[in-house]
Amino acid sequence: MRQIETAIAALIQMITEKGEHTPYISSKLFNNVMTLLEKGEICEAENILFQAIDTDEETAIETAVIFYSELNKLDDNYLESRNFSRNEIKSGLQEVCRKYGLLPELFFY
C-alpha cells in the first residue's frame, strides 16, 4: 500500500508542474471512471480508462493517477469482493507508466 502511495506521489510530481494534484478533473472520462468506481464497478472503470489511454484522451493520465490513488484507499476485502486486488492496482500503475514512457521499474521493485 505504501509502495503504491509512493509511486502515485512520484507520478503526480512528473505530470504536474507543482507536484500537486486535485482530486477532481473536469472531463467526461474522469466522471465516467469515478462514477463506476463509486458503484463498485472497478474492472469496468479500469477498462474504460485504458481505452482512453490507448486513444490518447487528454485527461487519461491524470484520471489514472486519481483512480489508482482512490483504489489504494479501499480495504482489501472490498477490493476482493469486486474481483480486484492490491496487486492489480500496482500492475495497473505499472502499465500506465509503461504506456507513457515513465519507467515503472523506478517505482516498483
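The values are calculated or read from the model by the stated rules, or taken from the named source; none is laboratory data. Since this is a predicted model, take the numbers as computed values, not measurements. Backbone-built Cβ (ideal geometry, glycine too); neighbour counts: all protein chains shown.
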### Query
Checking Gly40 against (1) at pLDDT 95 or above; (2) assigned to a helix (DSSP H, G or I), which test does it fail?
(2)
### Message
If I go through the range 26-37 residue by residue, how many of them are hydroxyl-bearing (Ser, Thr, Tyr) and either part of a helix (DSSP H, G or I) or within 15 Å of Glu95 (Cβ to Cβ) (or both)?
### Response
1
### Query
Restricting attention to the range 71-85, which residues are surrounded by fewer than 17 Cβ atoms within 10 Å (Cβ to Cβ) and assigned to a helix (DSSP H, G or I)?
Asp76, Asn77, Tyr78, Glu80, Ser81
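Residues checked against (1) over 15 Å from Ala45 (Cβ atoms); (2) acidic (Asp, Glu):
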site: Val65; (1), (2): no, no
site: Glu70; (1), (2): no, yes
site: Leu74; (1), (2): no, no
site: Asn77; (1), (2): yes, no
site: Asn83; (1), (2): no, no
site: Lys90; (1), (2): yes, no
site: Leu93; (1), (2): no, no
site: Lys99; (1), (2): yes, no
#### Entry: Qualifying positions in the range 26-60 - surrounded by fewer than 19 Cβ atoms within 10 Å (Cβ to Cβ), in contact (Cβ under 8 Å) with a residue 40 or more places away in the chain and among the β-branched types (Val, Ile, Thr)
Ile53
